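Please read the structure below before turning to the comments.
The values are calculated or read from the model by the stated rules, or taken from the named source; none is laboratory data. Predicted model only: the values in this text are computed from it and were never measured. Don't worry about glycine lacking a Cβ; one is built from the backbone with ideal geometry, like all the others, and counts go over all protein chains shown. Just the protein is used for accessible areas: all its heavy atoms, side chains included, with ligands, DNA and RNA removed. Shrake-Rupley method; radii C 1.70, N 1.55, O 1.52, S 1.80 Å.
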Amino acid sequence: MTDVPPPSERPAATGRGSVPMIDARKVRKSYGRLEVLKGIDMLVGRGEVLCLIGPSGSGKSTFLRCINHLENIDGGELDVDGELVGYRQSGDKLYELKDREVCAKRAEIGMVFQRFNLFPHMSVLDNVVSGPVWVKKASSGSSKDRARDLLARVGLADKVDSYPNQLSGGQQQRVAIARALAMDPKLMLFDEPTSALDPELVGDVLDVMRDLAADGMTMIVVTHEMGFAREVGDTVVFMDGGVVVEQGDPSEVLTDPQHERTRSFLAKVL
Amino acid sequence: MTDAPGQPPADDERPGRDPSALTVVPVRHPWRWVTGVVILVLLAMLVNSLLFSYRVRGGTREGRFQWGVVSHYLFTGPVLRGIVITLELTVIAMVAGITIGVVLAVLRLSPNPLLSGAAWLYIWFFRGTPVLVQLFFWYIGIAYLYVNVTLGVPFGPALVTFNSNTLITAFVAGALGLSLNEGAYMAEIVRAGIISVDEGQTEAAQSIGLSKLQTMRRIVLPQAMRIIIPPTGNETISMLKTTSLVSTIAVADLFQETQNIASRTYEVVPLLLVASLWYLFFTSVLTVGQYYIERYYARGASRQLPPTPFQRLRQALGPTRTTPVPALAEAPWVAPHD
């Protein structure tokens, strides 16, 4: 789990179980003339926790957004759970996915944002049941029971009826995690989940993520928390300028980086 | 106030600084008294002129504003029928206007340039011509240009044909003109509301799998409402009064009915007052309604809902405000708030 083989040594996918959760090959993405991703290769196994680090503007968030179909890729190939992102392959043709198919794909992937993005006009409980009730058409009663369980799991059982702006940033982010978990995602994406938090609130959120990792959730975490990456991450990927500079076991990459750019970045953040 | 955290050292630790022993001298505001008296005098003059002054007409003395005549006509049949027409037109124009506005706003934000262009063209036209001209156009122009209105396959066979003069009555023309015009204004208000909602909301909604339509209906529009409601209340109040324009195309609304009576009895000013009093009454009702709708959509936007006027009244009369000075004297370090 901790070693990601280079692309050339990847095992041939046979059954669903052996297919990696994320398989990115030469993924490219541009905004106008600005190329943000310049050929990303990445492999994330099931149950793996991959921490994505790098300076701002290196393309980490964009890559996450591509995985969740919030952006279309311009080149290369990106597979999530053995299926192409954004396209359906039939013979030698790629059919662009319809809106409804994209929604179904997104529903299987949980995403947590830097700015929490809770729905401010809805109570905490309604935030968490929004996905199951509106997307999965689950019954309101059972969804609420499950939402209460999830909120208890992130330590917010007493905040069920609060509104988001009555909560601290750390509490809001934990609600956001519960909201994503309510959809039973097969993959969780975290886009700098603790960057907007006061330092003393970071720990609570990281604790929840640590528990999640221990439960075997596949996670991709864009983070500046090197301690978390070292402790929880199975793999650390250092990105800069739209390319993967270095990746490997956290203890190796974070303590003994092989590339000069990784070294200078870590010297600034550690 | 006394149990606020961060207490300074007790008084006995700071000798000679016992605040409760000192007298508080408030700042004097002489100009407040002067301006207050001026306002009171002006008010007294207004009340006197409205209620107690007389004028001589045809050798007899009568109340200047003829309130007796006003109250006589205030609840007569024609006036009440006119009110119904005015309210009907207001409701129809606002409901249709808001519906058109939401559709146009969504179209204007559409990535399809033909759709956003069409919405832009609509707004450009209906906002760019006076509503009075539009009313005349619907009432006179349509019947003049098209003797019959036909529903059917475009460039193909007709299914139903109406005569324009029977289809577009004065009331229909009025409702149509006001609605279409209002739609253009509401479109801009709704669009402002939609683009005021943080993009992160759309992303979060999409990330849990909501479709575009669900995202708009469940997430974006409810939050846009907070921005949309105040100008919409404004538009509704404005519309209530704008309906009086339909009197020019012979719709028997409140204004037209009072004018009819006035042209018969020559009691012009009292009937203008009748119309004004009713317009004032309904705009007051709308103002109160708007307040409570705004309060409803403020959920989640402000930590504490603003008090209702009744709560504010109770607060003002309640015991909490009657003894500010002792509370201050006990805790002078607490900045007086609210």
**Asked** When the residues of the range B:240-259 are filtered to those that are outside any helix (DSSP H, G or I) and within 19 Å of residue B:74 (Cβ to Cβ), which remaining residue is least open to solvent (accessible area, probe 1.4 Å)?
**Response** B:253
**Asked** Within the bounds of the range A:167-176, is there any residue that is farther than 29 Å from residue A:63 by Cβ and open to solvent by less than 30 Å² (accessible area, probe 1.4 Å)?
**Response** yes
**Item:** Index of the failed condition, residue B:79 passing every other in (1) over 30 Å from residue B:197 (Cα atoms); (2) loosely packed, with under 15 Cβ neighbours inside 10 Å
**Value:** (2)
**Message:** Return the pair list, or none, for Cβ contacts closer than 7 Å from residues in the range A:243-270 that are of a type in the set (Gly, Ala, Ser) to residues that are in a helix (DSSP H, G or I), at least 6 apart or on different chains.
**Reply:** A:251/A:230
**Item:** Test: residue A:229 is of a type in the set (A, V, I, L, M) and touching a strand residue (DSSP E or B) at 6+ places or on another chain (Cβ under 7 Å)
**Value:** yes
**Prompt:** Taking the range B:33-47, which residues are open to solvent by less than 80 Å² (accessible area, probe 1.4 Å) and closer than 26 Å to residue B:69 by Cα?
**Reply:** B:44, B:47
**Request:** Those residues that are under 16 Å from the mean Cα position of the chain (by Cα) and buried (at least 24 other Cβ atoms within 10 Å of the Cβ), I need them from the range A:21-39; list them, please.
**Result:** A:24
**Any pair with Cβ under 6 angstrom, 6 or more apart, that starts in the range B:86-98 at a residue that is among the charged types (D, E, K, R) and ends at one that is part of a helix (DSSP H, G or I) and crowded, with 24+ Cβ neighbours inside 10 Å** = none
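Residue-wise test of (1) over 25 Å from residue B:298 (Cβ atoms); (2) surrounded by fewer than 18 Cβ atoms within 10 Å (Cβ to Cβ).
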site	(1), (2)
A:131	yes, no
A:145	yes, yes
A:156	no, no
A:159	no, no
A:165	no, yes
A:184	yes, yes
A:189	yes, no
A:194	yes, no
A:198	yes, yes
**Message:** Out of everything in the range B:203-224 that is surrounded by fewer than 20 Cβ atoms within 10 Å (Cβ to Cβ), facing another protein chain (nearest Cβ under 9 Å) and not charged (D, E, K, R), what residue ends up being farthest from residue A:181 (Cα to Cα)?
**Reply:** B:222
**Asked** Identify, please: which residue in the range A:87-124 is more than 14 Å from chain B (Cβ to nearest Cβ) and in a loop (DSSP other than H, G, I, E, B) and is, among those, least open to solvent (accessible area, probe 1.4 Å)?
**Response** A:91
**Message:** Give me the residue from the range B:176-218 that is under 21 Å from residue A:102 (Cβ atoms) and among the hydroxyl-bearing types (Ser, Thr, Tyr) and, out of that set, farthest from the chain's Cα centre (by Cα).
**Reply:** B:207
**Asked** Taking the range A:40-54 on its own, how many of its residues are under 14 Å from the mean Cα position of the chain (by Cα) and open to solvent by 10 Å² or more (accessible area, probe 1.4 Å)?
**Response** 4
**Prompt:** Taking the range A:135-163 as the region of interest, how many residues are within 12 Å of chain B (Cβ to nearest Cβ), within 22 Å of the chain's Cα centre (by Cα) and not charged (D, E, K, R)?
**Reply:** 1
**Asked** Can you find a residue in the range A:120-142 that is of a type in the set (Gly, Ala, Ser) and within 27 Å of residue A:60 (Cα to Cα)?
**Response** yes
